[in-house]
1. So, Gly105, is that one of a type outside the set (Asp, Glu) and crowded, with 16+ Cβ neighbours inside 10 Å or not?
2. Got a sec? Which of Thr62, Thr50, Thr44 is farther than 20 Å from Glu211 by Cβ and among the β-branched types (Val, Ile, Thr)?
3. Can you name every residue in the stretch 169-197 that is over 22 Å from Asp249 (Cβ atoms) and part of a helix (DSSP H, G or I)?
4. Test Ala123 against the stated conditions and say whether it is crowded, with 18+ Cβ neighbours inside 10 Å and small (Gly, Ala, Ser).
5. Quick check: anything in the stretch 38-51 within 17 Å of Val267 (Cα to Cα), open to solvent by less than 40 Å² (accessible area, probe 1.4 Å), at pLDDT 95 or above and assigned to a loop (DSSP other than H, G, I, E, B)?
6. May I ask you to list the residues in the stretch 133-161 that are open to solvent by 20 Å² or more (accessible area, probe 1.4 Å) and modelled with pLDDT of 90 or more?
7. Hey, can you tell me all the residues within the stretch 62-110 that are within 30 Å of Thr164 (Cβ to Cβ), part of a loop (DSSP other than H, G, I, E, B) and of a type outside the set (S, T, N, Q)?
8. Just one of (1) small (Gly, Ala, Ser); (2) outside any strand (DSSP E or B); (3) closer than 23 Å to Asp188 by Cα trips up Gly146, so point out which.
Amino acid sequence: MNGKTLYITDLDGTLLNSGAELSPYARQSLKTLCENGMNISVATARTAATVRGLLEGTGINTPVVLMNGVCVYDLRKNKYVKVSPISKEAKAAVAGAVHSCSLAGFFYEIDGDRLCTYYESLASPGAVDFMRERQKKYGKVFIKIGSVGEILDRPLVYYSVSDTQKKTLPAARALSKVDSLRCEYYKDIYKDDCFYLEICDKNASKKTAVEFLKKQYGFEKVVGFGDNYNDLPLLEACDEFYAVKNAVDLIKEKADGVIESNTADGVIKFLLEKGARK
């Protein structure tokens, strides 16, 4: 890796535009910056399959943080370099909450360098669109199961569901009391009355994943960017952190500064300014 500073950004609502894509300007700028030796990475709730597609042609060669810190993935080698599985007891707790609250989300497994996504039902709002979009754009594989019990002996690493607050909040409250789990709960920036509940091992977070990157690849400084509550662990891991203008108030209050919004390519403009100063 060239240089000692890592610039790491959230994707949705931060680097990506309102269409959940990189603008052509952003894509070309990232390519130029990486070719000039800037170390750039992302920290996102998304998986390897979607991130590979989103970042294609950008030249990003620093491993990326995926699934809110569950894993660190090397895009060049198509290889996971760090994975945090959910414990046996915690998987049972998740299964219990999913059933008691009648949630229809997705369970993720990482076995070696293979990611599998399981689901019992597609009854939650947007679940069908979520699956079809990822199948069409990124070739992701989704496997239908009869019940969660079928996969509890598998190396599960993550559970994600998007539904109304009425349905997701009780599960979030229950699972937040499980010591071996970490829960991310926040509003969907693309849909009204829709909230994300994401579950993983307690030691998996954007913070621990960024700390791993910093130590493993010898970065002296980390500068981060984000917009939503699930970026708080990223903020904690950074030496400097900047909120985009469209970020929630708490992120802006805690950030070292506020930059232009995601729709105005605020992160890209910040990086270009830093690159020009070299």
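The values are calculated or read from the model by the stated rules, or taken from the named source; none is laboratory data. As the structure is a prediction and not an experimental result, all values here were calculated from the model. Neighbour counts run over all protein chains shown; Cβ positions are idealised from the backbone, glycine included. Ligands, DNA and RNA are excluded from the accessible area calculation, which covers all protein heavy atoms including side chains. Shrake-Rupley method; radii C 1.70, N 1.55, O 1.52, S 1.80 Å.
1. yes
2. Details: Thr62 fails: farther than 20 Å from Glu211 by Cβ; Thr44 fails: farther than 20 Å from Glu211 by Cβ.
One residue alone meets the criteria, Thr50.
3. Answer for the stretch 169-197, where residues must be over 22 Å from Asp249 (Cβ atoms) and part of a helix (DSSP H, G or I): Pro170, Ala171, Arg173, Ala174, Leu175.
4. no
5. yes
6. Correct list: Phe142, Ile143, Lys144, Gly146, Ser147, Gly149, Glu150, Leu152, Asp153, Arg154, Pro155.
7. Within the stretch 62-110, Val70, Pro85, Ile86, Cys101, Leu103, Ala104, Gly105 meet the criteria.
8. (3)
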